[in-house]
Ligand SMILES: Nc1ncnc2c1ncn2[C@@H]1O[C@H](COP(=O)(O)OP(=O)(O)OP(=O)(O)O)[C@@H](O)[C@H]1O
Ligand SMILES: [Mg+2]
């Protein structure tokens, strides 16, 4: 899968800009605060319908303007496609895929698959379980619209149940419990299955990045059970067992909103005890694994977005990373491109960005 063209109007610091990307490595260089990340953000919007930086779409509209527009042209095995996103200061965001308006965000998923990596993504390893769940969900939503809808349904039921826990009328509790266990079991099953594949690919990537010096163990931590029915029963049981606690806390203590991924490298829980460098290597391994899973599942590589990642790695890791991502489209931003990296990349498309203007070099 590729993004061949990106057009942005009144998006962040861009007034009107068209960028035509090459099929391999695309390098966007520029000083700080010129618009590198903004370009990557526009691509992410077309991929998953939301920014990786803010939940507030209106921030994306160029200051003092009313409306931002992003148009991405894509090339998939099945042919050309387009994704258009319009963010209006006074209206809801509008999304169109191949010229047709899309009312549910789930319909956007999978039209432009991306894997995004920035220094901030280190939080997948070192921050709270919520960041690891977000990592699973962003990948799985891109791979399956069903998963996206299951997750939205689950979150709605969870919100209703939490509201009920704080109220006096608890007659609907059993209905919510039943629905929570039913949606939750399907999500947990999918996540468990995903983490198994992740473990496999990530440990291989990690061995490659560390020259086999450190092993990596990745495990799903969630409601017990392998198959949907088994998980559903376990979850129903746990919901009843924790009912009193739930009422006391005013929220639900059981379910996929508590899931986590265990990450151990060299025998240590890397989430808590890893050095910054170890955590970065694990985060990178997870991202490389995400690419492999997407390729396996869809038979196409996603577009890899590397925002400001190179400067965080030593030259050896930079070379290893770029060696591993050859053969598919990658969009790399950096303030400057080290000369030894140019030789690893071979054929690539170079751009520079200055004050919201992109020039092809
Ligand atoms: N809504 C907006 N309207 C206009 N400009 C904006 C808007 N939001 C952000 N900007 C500006 O866009 C500029 C470029 O931001 P961006 O994050 O893309 O920089 P960058 O090139 O990635 O820099 P760095 O190397 O520091 O990461 C910033 O100066 C920021 O103030
Ligand atoms: Mg940036």
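The values are calculated or read from the model by the stated rules, or taken from the named source; none is laboratory data. What you see is a predicted model, and the numbers here were worked out from it, not measured in a lab. We place every Cβ from the backbone using ideal geometry, glycine too, and count neighbours over all the protein chains shown.
Quick notes on this one:
- Of all the listed residues (135, 148, 117), the sole one being touching a helix residue (DSSP H, G or I) at 6+ places or on another chain (Cβ under 6 Å) and more than 29 Å from residue 185 (Cα to Cα) is 117.
- When residues of region 325-341 are limited to those that are assigned to a helix (DSSP H, G or I) and in contact with a helix residue (DSSP H, G or I) (Cβ under 9 Å, 6 or more places away or on another chain), the one nearest to residue 43 (Cα to Cα): 341
- Residue in region 127-146 that is more than 14 Å from the chain's Cα centre (by Cα), closer than 23 Å to residue 299 by Cα and in the same structural domain as residue 304 (by TED's automatic domain parsing) present: no
- Checklist (1) outside the structural domain of residue 137 (by TED's automatic domain parsing); (2) modelled with pLDDT of 90 or more applied to residue 244, failing item: (1)
- Residue 66 vs. criteria in contact with a strand residue (DSSP E or B) (Cβ under 7 Å, 6 or more places away or on another chain) and farther than 26 Å from residue 296 by Cβ: yes
- Those residues of region 24-52 which are in contact with a helix residue (DSSP H, G or I) (Cβ under 9 Å, 6 or more places away or on another chain) and within 8 Å of ligand 1 (Cβ to nearest atom), in sequence order: 30, 38, 41
- Some residue of region 340-348 being closer than 30 Å to residue 194 by Cα and in the same structural domain as residue 31 (by TED's automatic domain parsing): no
- Scanning region 285-324 for residues that are farther than 19 Å from residue 47 by Cβ, surrounded by 17 or more Cβ atoms within 10 Å (Cβ to Cβ) and in contact with a strand residue (DSSP E or B) (Cβ under 7 Å, 6 or more places away or on another chain) turns up 285, 310.
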